[in-house]
Amino acid sequence: MSDLNGHFSIVVSSDAVLQISYIGFSLHEEAVKNKNVLQVIMKEDTQKLDEVVVVGYGSVDKKELTSAVTAVSSKDFLQGAFTSPLSMIDGKVSGVNVSNAAAADPNSSPNIQMRGASSIEAGNSPLVIIDGMPGADLRSVANQDIESITILKDGSAAAIYGSRAANGVILAQTKKGKAGKVSISYDGYIDHDMVANQPKVLSVDEFLAHERDVDFGHRVDWYDKLLNKSNLGQSHYLAVSGGSENLTFRASANYKKKDGLDIASSRKEYGVRMGFTAKTLEGLLEIQGNLSTRVINEEYVDYGVFQQAVKLNPTHPLMDEKDPSKYSTLYGFDTYNPVGWLKDKEDGGDRQFSLADFKMKLNILPTLNTELSLARQGQEYFKRIYVNSNHKESIDNMRSGRGTLQEENYTDYTLEWIGNYFTTIDKHTIKLMAGYSYQEFNHRSFSSENANFPSDAMSYNNLEAGDWNMAAGRLGVSSLKEKEKTIGFPARLIYNYDDTYYLTASVRYEGNSKFGANHKWGWFPSVSAAWGISQEAFMQDISWLNDLKLRAGYGVTGNQDGLKPYKSLELYQPYGTYYNGGGTSTSFRITQNPNPDLKWESTAMFNIGVDFQLFNGRLGGTVEYYRKKTSDMLYDYAVPTPT
C-alpha cells in the first residue's frame, strides 16, 4: 500500500511481476528485473467507469440495463452560467424537455418534463434523488459538485420508487474524493446578459400619429428603462480532495452572484460541502458521509411590468413633475409606471438549505452486504415584502405602505435499509435486492401583514406600527403546521444468462399518510428484459457492429405530488363568533369533505427500445417506443357540504 504521495516499498524476488491497482485506474503490471526503483504512471480506466450506471437503490453494469435509463457524466454537461444543474443536461437526453420561460431571471428555475405531461393537478415534475436521498432539492447543491445525472424515463426503471415516480426519476450523484495526493481545483467565470430580440413598439411619433393617446410632453422608452444593461454575474468555486485507499475526502466552497437583466431581480448564494469515504476492518465496513449548507438571497421581479412597458404611452413622465425625487403616478385602467412599480417595492426572499447524509455498508460475505442510510434535509425560507407609501398600490388603496413577512420551514428525515445478494452459477448471474424505506416530511409556516405606517423608514421591520389591521378588527397573522410520512418496501431481481439474456423484475409496496383510509397502501410492480443480439454466435462476423441490444419493459408508477398532507380528511376553519351565555365563542365550519377513497394517480407504461454501437463506438444511439396511460387522475372540485 502506498502513502499519500504514491511512494511504496516492497521486498520481492528479482524476477517478480508487480500488479499495481488504484481506484478508477487500469490495472498496471510492472516487471522488477533487478530494479531497485520503479516509476509507474497509472492510466485512468474511463471505459470501466462509464460502464457502471446508477439506478434505483444501487448500480448495474451498463450491459445489464433492460429499461430506458440515460446517464450523463459531468464531462458531458453543457457549459454555461446556469442557475440549475438541470440546464446542464438540456438536449442531452431524448424524451426529456428542459425549459425556462424566464432564463434571464437569476431566480427562475427550469421546468423539466419526461415524455410529456401526465397530470392535471398532481404535478408533472420528476422525483429528484441526490446521493440516494429521495425528494432532495437540486438548489442545495453547487453545479460543480455534481458528478453525474441519471434519468429513469420509463415505468420499469422508475417503479422501484412507487407513488412518486410517475413523472420519471432524476438520480444526481455528487463528486467523491479520490485516493492520492491532495489536489486543489478552482473553477470560475464572469457572465453578462443582453436582450437578443427586443420587441418592436411604436416610436413616439408613430404613437402620436396613430392618435393612440394625448401627448403629455415627455419622451420615455419604458422598455429600455426596465433593463439593467450593466448586469454582471460571477461564480467562484474551490475544491480540495485526496486521501488514501482506506480514507478519502472532498471539500468544496463556492460563491455566486448574478444580476438580472431587469432592474429589480438579483441572486447571491454561497455554500460549502464536505464528504468522506472510509473503509475499515479490512474492507468489512464502509462508511460514507456528506454535510452541506447553502445560503441564497433572492430579489424578485414582477414580469407584468414588461407587458405594461410595451403598451404604455411613451409621453408619460418617468418622474413626478412636482417632486423629481419620486416616480410619477399614472392613472387609468390597467395603467401604471412600470419603473416605479419595481423601485417603490421591496420583494425578496432568503433561503438556507442544509443537508446531511450518512451510509454504512457491511460486507458480510463477498456475495452479501447490507447498507443503512440516514439523511436529513432542511430548508428555511424567509419571504419579505414592503410596498412604500409612494407606490401606486398604496395610493389606489389609500394606504401608507404595506409590509408582509412570511417564514417557511421544511425538514425531511430519511431512513433506508437494504440488503444485496449476488451469485454466479456457471453462466447464470443473479442479483437480489430488498429493503425498507421511511421518510418523514415536516412543514411549518408563519406569516404576518400590516399597512398604514407612520413612516417608510422601518420598512417591514416594525409591522406593529401600522394601524390597518387594528382599524378593521383583523389579526393579520396566520400559521400552519403539517406532517406527512411515506413507508416503502422495495425489492428487485436482476438475472443475466451468459451476458446475452437479461431479466429485471421489481416491486414496491408503499404507504403514505395522506392517502384515504381505504387506500393507504399500494403495489407498484415492473418487469423488463433485454436480448444482447450482438453477443450471439451468428453476429460475431460483423466487425462494424459493436453492440446491438433489444429491450422491452412494463411498469406501474404513481403520482401524489399534488396531494396536501390532510387532503383525505374532513377539515374545519373558524367562521365568525356567536353569543354564548354572556360571552362570545368562535364557530367553525367544514371547509373540506372527507374522502376515504383518495389515492395516488396511477401511470402504466410499456416501453420497447433498441441500443446500438457501430464502428468501434464512433456511432451509437437508442431508438425508443413507449405507450403510457394514466388512470385515477386527481382533480379538486367543489361539492355541497354533507349535513
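The values are calculated or read from the model by the stated rules, or taken from the named source; none is laboratory data. Being a predicted model, the structure only gives us computed values, none of them experimental. No Cβ is skipped: glycine too gets one built from the backbone with ideal geometry, and neighbour counts run over all protein chains shown. The accessibility values were calculated without ligands, DNA or RNA, using every heavy atom of the protein model including side chains. Shrake-Rupley method; radii C 1.70, N 1.55, O 1.52, S 1.80 Å.
Among the candidates 151, 184, the residue that is of a type in the set (A, V, I, L, M) and open to solvent by less than 10 Å² (accessible area, probe 1.4 Å) is uniquely 151. Take residue 117 and tell me if it is free of Cβ contacts under 8 Å to residues at least 12 places away in the same chain and in contact with a helix residue (DSSP H, G or I) (Cβ under 9 Å, 6 or more places away or on another chain). Against the criterion (free of Cβ contacts under 8 Å to residues at least 12 places away in the same chain and in contact with a helix residue (DSSP H, G or I) (Cβ under 9 Å, 6 or more places away or on another chain)), residue 117 does not qualify. Residue-level check: of (1) part of a strand (DSSP E or B); (2) in contact (Cβ under 8 Å) with a residue 40 or more places away in the chain; (3) open to solvent by less than 30 Å² (accessible area, probe 1.4 Å), residue 421 misses just (3). Counting only residues that are assigned to a helix (DSSP H, G or I) and of a type in the set (Gly, Ala, Ser), which one in region 532-541 is least open to solvent (accessible area, probe 1.4 Å)? Checking each candidate, the answer is 534.
Just one of the listed residues (99, 2, 94) is among the hydroxyl-bearing types (Ser, Thr, Tyr) and modelled with pLDDT under 85, and it is 2. I'd like to check something: does region 233-242 contain any residue that is open to solvent by less than 10 Å² (accessible area, probe 1.4 Å), more than 30 Å from residue 59 (Cα to Cα) and out of contact with any Ser or Thr (no Cβ under 9 Å at 6 or more places or on another chain)? The answer is yes; a qualifying residue exists.
A quick yes/no check of all residues on (1) modelled with pLDDT of 85 or more; (2) open to solvent by 60 Å² or more (accessible area, probe 1.4 Å):
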site: 530; (1), (2): yes, no
site: 561; (1), (2): no, yes
site: 569; (1), (2): yes, yes
site: 572; (1), (2): yes, yes
site: 585; (1), (2): no, no
site: 603; (1), (2): yes, no
site: 608; (1), (2): yes, yes
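When you scan region 592-601, do you find a residue that is of a type outside the set (Gly, Ala, Ser), in contact with a Phe, Trp or Tyr (Cβ under 9 Å, 6 or more places away or on another chain) and not in a loop (DSSP other than H, G, I, E, B), even just one? Yes, the conditions are met somewhere in region 592-601. Buried (at least 22 other Cβ atoms within 10 Å of the Cβ) and in a strand (DSSP E or B) - does that describe any residue in region 161-169? Yes, region 161-169 contains at least one residue that is buried (at least 22 other Cβ atoms within 10 Å of the Cβ) and in a strand (DSSP E or B). A single member of 276, 249, 306 is more than 30 Å from residue 183 (Cβ to Cβ) and either open to solvent by 20 Å² or more (accessible area, probe 1.4 Å) or among the acidic types (Asp, Glu) (or both), and it is 306.
The sole residue among 608, 590 that is within 30 Å of residue 534 (Cβ to Cβ) and among the aliphatic types (A, V, I, L, M) is 608.
For every residue, the table says whether it meets (1) without any contact (Cβ under 8 Å) to a residue 24 or more places away in the chain; (2) closer than 15 Å to residue 343 by Cα; (3) touching a Pro at 6+ places or on another chain (Cβ under 9 Å).
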residue: 236; (1), (2), (3): no, no, no
residue: 239; (1), (2), (3): no, no, no
residue: 249; (1), (2), (3): no, no, no
residue: 253; (1), (2), (3): yes, no, no
residue: 259; (1), (2), (3): no, no, yes
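Okay, residues lined up against (1) aliphatic (A, V, I, L, M); (2) part of a strand (DSSP E or B):
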residue: 356; (1), (2): yes, yes
residue: 379; (1), (2): no, yes
residue: 399; (1), (2): no, no
residue: 407; (1), (2): no, yes
residue: 414; (1), (2): no, yes
residue: 433; (1), (2): yes, yes
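Among all positions in region 479-486, there is at least one residue which is part of a strand (DSSP E or B), polar (S, T, N, Q) and either in contact with a Gly (Cβ under 6 Å, 6 or more places away or on another chain) or surrounded by fewer than 15 Cβ atoms within 10 Å (Cβ to Cβ) (or both). Being without any contact (Cβ under 8 Å) to a residue 60 or more places away in the chain and within 25 Å of the chain's Cα centre (by Cα): is that true of residue 489 here? In short, yes.
Scanning region 323-344 for residues being in contact (Cβ under 8 Å) with a residue 40 or more places away in the chain and either open to solvent by 50 Å² or more (accessible area, probe 1.4 Å) or outside any loop (DSSP other than H, G, I, E, B) (or both) gives a total of 8. In region 50-79, which residue that is more than 18 Å from the chain's Cα centre (by Cα) and assigned to a loop (DSSP other than H, G, I, E, B) is surrounded by the most Cβ atoms within 10 Å (Cβ to Cβ)? This residue is 68.
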